[in-house]
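Scroll down for the structure; my scribbles are underneath it.
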Amino acid sequence: FAVEVGDRIPCVSLPHLDGEESCILESNPNQKYTIVDISIASCAACRVNVEQLIKLDNLTTDNTLTRLVMLNNNESTRKFARKYEITFPTAYDTKGLAETVFELTYLPYLLVVDERQIVIYKHEGVLSENDIQHILSLTTQ
């Protein structure tokens, strides 16, 4: 289904660089929001956006978890994460599961979901400063 604000997102379980496989929206009980960015290493806009995502992650409070989903294999994702010094959970999707579930037509693709896995924000393309401020205002309520 095409995801819209207000939709509940199903669990999409993917392998992570730490070796675990888990739902990309899964967070711990202390976290009220999850930011999920879906990108691919070969996409120039995605490479720019990951820098914005890192900035956003550094500005969020402890109630928000950031996750990156790469539409690449394990090794390409690992190299990408190392190059950009990504410290938040990173998953990789070699089977196109995220692309299918979210009906992706444009990358990068970002969702902010609440603890009930309801979409409260959706964005396609590179995050602007205004987008970052808007996400911060949503996740600090």
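The values are calculated or read from the model by the stated rules, or taken from the named source; none is laboratory data. Not measured: the values here are computed from a predicted model. Neighbour counts run over all protein chains shown; Cβ positions are idealised from the backbone, glycine included. Side chains are part of the model used for accessible areas, which takes the heavy atoms of the whole protein and leaves out ligands, DNA and RNA. Shrake-Rupley method; radii C 1.70, N 1.55, O 1.52, S 1.80 Å.
Computed in the context of the full set of protein chains, the accessible area of the chain at 1.4 Å probe radius has 48% of its extent on carbon or sulfur. With each label modelled as a point 7 angstrom along the Cα→C-beta vector, the Ser13-Ser42 pair spans 3.0 nm.
Remark: relative contact order (the chain) = 34 percent; criterion is Cα-Cα distance under 8 angstrom and separation of 6 or more residues. Accessible surface for the stretch 7-141, divided over its residues, is 49 Å² per residue with a 1.4 Å probe.
Full extension of the chain segment joining Gln133 with Arg116 gains 3.9 nm, where the gain is 0.36 nm per residue of separation less the Cα-Cα distance. For the chain, the dipole from Cβ point charges (+1 on Lys and Arg, -1 on Asp and Glu) about the Cα centre works out to 220 debye, to the nearest 20. Classification of the stretch 99-141 by its C-alpha gyration tensor yields an oblate form. The axis ratio a/c (a ≥ b ≥ c) is 1.5 or more, and b/c is at least a/b.
With bins 5 Å wide beginning at 0, the percent of Cα pairs of the stretch 52-121 falling in each bin runs 3, 13, 23, 26, 21, 11, 2. For the chain, the share of DSSP beta bridges that are antiparallel, to the nearest 5, is 60%. Rounded is the label for the stretch 1-65, because the ratio a/c of its alpha-carbon gyration tensor axes (a ≥ b ≥ c) stays below 1.5.
To the nearest Å, what is the center-to-center distance of the stretch 43-106 and the stretch 1-41, using C-alpha atoms only? Between the Cα centre of the stretch 43-106 and that of the stretch 1-41, the gap is 11 Å.
Could you calculate the FRET efficiency of Glu85 with Val5 from 1/(1 + (r/R0)^6), where r is the beta carbon distance between them and R0 is 30 Å, rounded to 0.05? Efficiency computed from Cβ-Cβ geometry: 0.45.
The helix-based estimate of mean residue ellipticity at 222 nm for the chain, built from -39,500 (n - 2.57) per DSSP H run of four or more residues and divided by its residue count, is -9000 deg cm²/dmol to the nearest 500. Counting only whole DSSP H helices of the chain, the ones at least 18 Å long by C-alpha along their axis and with mean Kyte-Doolittle hydropathy no lower than -1.0 are 44-59. Using the Kirkwood radius over C-alpha pairs as Rh, can you work out the diffusion coefficient of the chain via Stokes-Einstein at 37 °C, viscosity 0.692 mPa s, in µm² per second? Value of D from the Cα-based Kirkwood radius: 222 µm²/s.
Each of Val5, Ile86, Leu17 was placed along the dipole of the stretch 1-92 (beta-carbon charges, centred on the mean Cα), and the one lying farthest toward the positive end is Ile86.
Converting phi to 3J(HN,Hα) with the Karplus coefficients 6.51, -1.76 and 1.60 and the offset θ = phi - 60°, the stretch 92-98 yields 10, 10, 8, 9, x, 4, 4 Hz in sequence order, with x at every glycine or proline.
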